[in-house]
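The values are calculated or read from the model by the stated rules, or taken from the named source; none is laboratory data. All figures in this text were calculated on a predicted structure; none of them were measured in a lab. In this analysis, Cβ positions are derived from the backbone assuming ideal geometry, glycine residues included, and neighbour counts consider all displayed protein chains. What goes into the accessible areas is simple: the full protein's heavy atoms, side chains included, and nothing from ligands, DNA or RNA. Shrake-Rupley method; radii C 1.70, N 1.55, O 1.52, S 1.80 Å.
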Amino acid sequence: MRDLHAFFTVTQCGSMAKAAEQLGISQPAISKVIADLESAFGVRLLDRGRKGVEPTSYGAALLRRSVAAFDELKQSVRDIEFLSDPAKGEVKIQCHESFAATILPRLIRRFSAIYPHVVLHVDHVVTTLMALPALRSRECDLVLGRPHVPLADEDFNVEYLFDDPLVVAAGTHNRLAHRRKIDLAELVDEPWILQAPHTGNYKRLSEAFHARGLDMPKTSLVTLSMPLITNFLANSPFITEYPRSVVVHNSLKVLPVDLPARPWPVVITTLKNRTLSPVVERFIEQVRDFTRPMRAERPTGRR
């Protein structure tokens, strides 16, 4: 394991000299470690050049497995910590800002009441796809979010939590808030807050307008910022497209507009063939339990 750690450090530093300095050993010593590894495997693991070292295809294969091996060791430490004290440990989460600002706070309060000494690390990402490299590199334990496209990848486990369809939303004081029926064509000239054209929200709304032979409405504000959008909806005549859960948890109004009924599932994504620590498993159990009513819920009104 020491030799693998030295090999891993060399590839990370891109230099024998820098790796030796980081590990606190001499450069000849680390060169011998790499040479012994290459002799043991019978292949060249690193290409040496003036600018440093790069892993060969064999070295890259060993590097991938080394990352998994060291992760399993870290997980074993976390397992032992959990067994010695089930109320301790850490969970590393990546999720959409909309999830972090709505469901996650209540979920964390509930989980932390049971496991007050567990440390939760939460980072938000724009899309689930952006979080996948962190899963692959084992920098996070799980991703919570709404994939815009199916995650057809053999590297990941994808578990359905609940459907969160896109709706048109406004503040409760908006003049449209008390209408019983609104045709999509009536909204073309309304002041809209939209996300950027590459986002799933924008694409789904665009499909709805084009299906009716309508042009997309003119945009007054383009942003991904939930606090900014929510503030403008609550205090201005703006409307937007939002997942239903975001509208409900922010006390906004779902406008009665017919949109194509397309499912948009919220899922947990984890790395396949990775042993999760017991405390991460406990957190995932809490997520399942917390979202169970949402799985049983059938959205009312038009979509």
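Listed values, structure above:
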| read-out | value |
| --- | --- |
| Selection status of Arg212, at pLDDT below 95, surrounded by fewer than 16 Cβ atoms within 10 Å (Cβ to Cβ) and not hydrophobic (A, V, I, L, M, F, W, C) | yes |
| Test result for Glu154, open to solvent by 10 Å² or more (accessible area, probe 1.4 Å) and closer than 30 Å to Thr270 by Cβ | yes |
| Among (1) closer than 19 Å to Tyr115 by Cβ; (2) in contact with a strand residue (DSSP E or B) (Cβ under 8 Å, 6 or more places away or on another chain), the one test that Phe290 misses | (2) |
| Filter result for the condition that a residue is at pLDDT below 90 and either farther than 17 Å from Ser245 by Cα or buried (at least 17 other Cβ atoms within 10 Å of the Cβ) (or both), over Ala185, Ala177, Ala169, Ala134 | Ala134 |
| Filtered residues of the stretch 265-301 (kept if at pLDDT below 90 and among the hydroxyl-bearing types (Ser, Thr, Tyr)) | Thr275, Ser277, Thr300 |
| Scan of the stretch 103-123 for residues that are under 22 Å from His249 (Cα atoms) and among the hydroxyl-bearing types (Ser, Thr, Tyr), ordered by number | Ser112 |
| Residue check for Asp79: touching a Pro at 6+ places or on another chain (Cβ under 7 Å), closer than 26 Å to Val267 by Cα, modelled with pLDDT under 75 and not β-branched (Val, Ile, Thr) | yes |
